[in-house]
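Just so you know, all these numbers are worked out from the coordinates, no wet-lab data involved. Because the structure is a prediction, the values reported are computed rather than measured. All Cβ positions, glycine included, derive from the backbone under ideal geometry; neighbour counts span all protein chains shown.
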Amino acid sequence: MTTSPPIHVVSIGAIHHDTLAHATIPIHPETSTPAKLNSRPGGVATNIARALTRLNVPTHLIGTVGTDAAADALREQLLQEGVKLSLVPRKGFATGQYIALHDPDGGLTAACVDDRVLSEAPTNLFDDVLKNLLAGLPQDGILFLDANLPEAMLLRLTEKISGTTSGGRLIANAVSDAKALRLSPVLSLLDCLLLNRGEAAAITGSSIETPTDDLTMGLANRGLHRFVLTDGASDVLLYEEGEVFKFAPPVADIVDVTGAGDALTAGTIAALARGYSYKEAVPYGLSAAALILRSTGALSKDLSWEALQVP
C-alpha cells in the first residue's frame, strides 16, 4: 500500500533513568558479578516515544520527573533526540529509576524499579497538559498509555480521552504481570492492548500454563476488542473483533531482551500512524523487536523506518 505521512502520537507514562548491567559470567545471588554498566533514558512510554521519533513519527511524551540532576539530564537528551516533552516536575521526589541485571546470554535475571514519582502521583497530575494536547490533536491521532500509570489515573485519562471528539485511538501496553491489572477497569475503552502471556494470565486470573485459546477468550470476555499477545519465541497473536491472526517472529541473535516488547509496540504504532491496518502493522512491530534484540538496551542506533524489513 502507499503510506501516508505519519500522524501525531501522544505517549503518556513512565520516564526513568535506566541502569543496565550486562554480566560477563552468569549471575549468582549473594555475590558480586563482573559486568558492563550502561545508563540511558527508560520507562515504557519513554521507550515508545524515542523509538517512534527514530521511526519519523511526530511524538509528544507526557510524564513526571523529580527536581534533580537525573531529570535535567533526561530532559536534555530527549529534546536532543527530537522528542516533544510535557514533563510535570514533582518536588521532593526522585526521578524514576530502573536497574536491570542481564546474564551473558542477554536474559533478564532480575530488575528493580523506583517509580514513586509516578505511582504516588495525584490522579489529576496530567489534566492540564493533556487538555491542551487533545485540543490540537487530529481526529485520527494516536494516544498511548503504559500501565506504569496508577489505576485511578489510567481510568481518569481514558475517560477524558474517550470523552472528547478529537481523542483519536487509544493504545496501551500492560508493562508487567504486577501492573497489568491496573488496566482492568479501562479494557473496553482501548482500541488495542499489547501484552505478553504472563500479563494476560494476570488480567484473566489464569495460570501461566493456560492454553493460548483460553487466554484469548478470557481477554475478549473482559471487554478487549483488539489485542496483540506475545509468548516468547512462539507466534504473536492479533485478536481483532473476534478474528485471530498469527505471525511468526523473525529469528534474531539475542544480545539483550530489554525493550523488545516496547519495540514491538513502537513498530506497530509507527505503521498504524502511516495508515496501515493492525494486520499490516504487526509485522513492522516484529521487525523492530528483532532489531532491538540484536542490540544493547531499549533503543538501537540502527532503528529507522527504512531498516524495518517486512516481506
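Of note:
- Amide H contacts under 5 Å for I15, placed H, 5+ residues apart: T64
- Near the amide H of L85, within less than 5 Å, lie the amide hydrogens of L61, all on another chain or at least 5 residues away, with H placed in the peptide plane.
- Karplus (6.51, -1.76, 1.60) ³J(HN,Hα), θ = phi - 60°, over region 185-190, in Hz, Gly and Pro reported as x: x, 10, 4, 6, 8, 7
- If the segment from K91 to E240 were pulled out straight at 0.36 nm per residue, it would be longer than the present Cα-Cα gap by 49.3 nm.
- Contact order relative to length of region 9-293, as percent, for alpha carbon pairs under 8 angstrom and 6 or more apart: 15
- Inter-label distance, S207 to A135: 5.5 nm, where each label sits 7 Å from its Cα along the C-beta direction.
- Within the shell of other residues whose beta carbon sits under 13 angstrom from the beta carbon of K160, the net charge comes to -1, with Lys and Arg scored +1 and Asp and Glu -1.
- Seen from G232, the other residues with C-beta closer than 15 Å to its C-beta sum to a net charge of -4, counting Lys and Arg as +1 and Asp and Glu as -1.
- Among beta bridges that DSSP assigns inside the chain, antiparallel share in %, nearest 5: 40
- Low-density loop cleavage sites - GluC sites (Glu not before Pro) in region 1-88, where at most 13 other Cβ are within 10 Å (DSSP): E30, E81
- The simple spin-label model puts a point 7 Å past each Cα toward its Cβ; for E120 and T19 those points are separated by 2.0 nm.
- Couplings 3J(HN,Hα) for region 20-25, derived from phi with the Karplus relation 6.51 cos²θ - 1.76 cosθ + 1.60 (θ = phi - 60°), are 10, 9, 10, 6, 8, 9 Hz, where x marks Gly and Pro.
- Cubic angstrom per residue, convex hull over Cα atoms of the chain: 134
- Dipole-positive endmost among L224, N38, G136 within the chain (Cβ charges, Cα centre): G136
- Proximal charge balance of A70 [Cβ under 15 Å; K/R count +1, D/E count -1]: -1
- Extension gain (nm, one decimal) between D127 and E159, 0.36 nm per residue minus Cα-Cα: 10.4 nm
- The helix-only estimate of mean residue ellipticity at 222 nm for the chain, built from DSSP H runs of length n ≥ 4 each weighted as -39500 (n - 2.57), is -9500 deg cm²/dmol after division by the residue total.
- Length added when fully stretched, A233-K301, from 0.36 nm per residue minus Cα-Cα: 22.1 nm
- Calculated from backbone phi, Karplus (6.51, -1.76, 1.60) coupling profile of region 172-182 in Hz, x at Gly/Pro: 9, 10, 6, 6, 7, 4, 5, 9, 4, 4, 4
- Anisotropy class of region 1-130 from Cα gyration tensor, a/c 1.5 cut: oblate
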